[in-house]
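Written below as structure tokens is the structure these notes are about.
The values are calculated or read from the model by the stated rules, or taken from the named source; none is laboratory data. No experiment lies behind these values; they were computed from the predicted model shown. Using ideal geometry, Cβ is built from the backbone for each residue, glycine included, and neighbour counts are taken over all protein chains shown.
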């Protein structure tokens, strides 16, 4: 196989597409996350560059804390005027911060607040009281890093033993980059979630597409057309399922072609049987007529025996041809039945009466029991007589050794049935005249077309054939 063909098959394979999804998932952590971190850093740098430069001095809280403690240490032993003056200077250096200091008695000595709506702070901003209690001062110092604005607290002299109070620098969130960092972190989390959701969606769509195509193929296999053959389907992508769909369509095409060939062969067979049946009847008739003429001549006992045997065999052959033609016509649907409501017991009596002389001639013990009320079935008169003739003919040919014919009407399993029985060797045992079984095949076809049913009970002691109409529930 050439490389272009291999690459095409690999590209159109479900396995290759699934491997791409798995590889993408494996690369998610070592590739996608560092990439997003890089984007995160670039975005953070851009946001910081876009922030006002005057806010840059507030971006490093650790440095501000160090500066504030150094300033507090430098004010050790200074009078209130000097402290006020230094805080005024620091307020000019940090105009966006709120500066105040409280003396040793808890009194707020100076409060320098920047102007502008961005420095008002939220509602929970700590109010600066004019007079501080010891509890308020301690609570404020403990919560200084959690307040908004952020509070940097230092004892004047940078130690509590100086007994000069404390001073505070409050930095609003508007001038710090924490809020920007939190906003960027939220967007980073959203991006990660979106990537995870995208991977899950792609996997789900991949497998739901495979499932949908397999269910469509299953449905096409389950539902068949009028001929009992599934219909072809539209093929999809040239992957494994696509090739399976193409194989399914090929199978459907071959089944249609095979069904057409079978129908054609069946038509040829039926025409051949019909032609042979017609062609054989004429010579058999001529042969039988000459045998009849020959029988009037004086023959030796052995010649007469041979003549009788030939006549019997030709008669059997005539019956076989008649059965073959009838079966061909019945199986092809070329014979139309005319069902009428008839008394079955009467038809049985008439048919048995026609066969009685032959049974008597052959030495059969005939047992006919057709008493009772009329039994009405919807049957075709002539073809029902054909059923009886075939069954009686089978007894004559295959159950001759039993020399018994039984014809009766009985009630079995809630149905009124007619029973035709013999004492022959049974259907499983061969007889001298055993043939292809066309007689019983014709019986089966006719019984089905008349809406009747039949059962056979055959042993080595004899055979009983039951014929009944399923909807007949009359037990009388």
Just to check your reading of the model, which residue among 126, 132 is in the same structural domain as residue 64 (by TED's automatic domain parsing) and at pLDDT 80 or above? 132
If you check every pair at least six apart or on different chains, which have Cβ atoms under 9 Å apart with a residue in segment 438-458 that is outside the structural domain of residue 428 (by TED's automatic domain parsing) and closer than 20 Å to residue 338 by Cα first and a residue that is outside any helix (DSSP H, G or I) and at pLDDT 85 or above second? none
What is the number of the single condition among (1) modelled with pLDDT of 90 or more; (2) surrounded by 12 or more Cβ atoms within 10 Å (Cβ to Cβ) that residue 81 does not meet? (2)
Restricting attention to segment 135-161, and to residues there that are in a loop (DSSP other than H, G, I, E, B) and modelled with pLDDT under 80, which single residue is farthest from residue 98 (Cα to Cα)? 143
Among the listed residues 164, 105, which satisfies the condition of being at pLDDT 80 or above and surrounded by fewer than 14 Cβ atoms within 10 Å (Cβ to Cβ)? 105
So for segment 363-375 (the condition being modelled with pLDDT of 85 or more and out of contact with any strand residue (DSSP E or B) (no Cβ under 8 Å at 6 or more places or on another chain)), does at least one residue qualify? yes
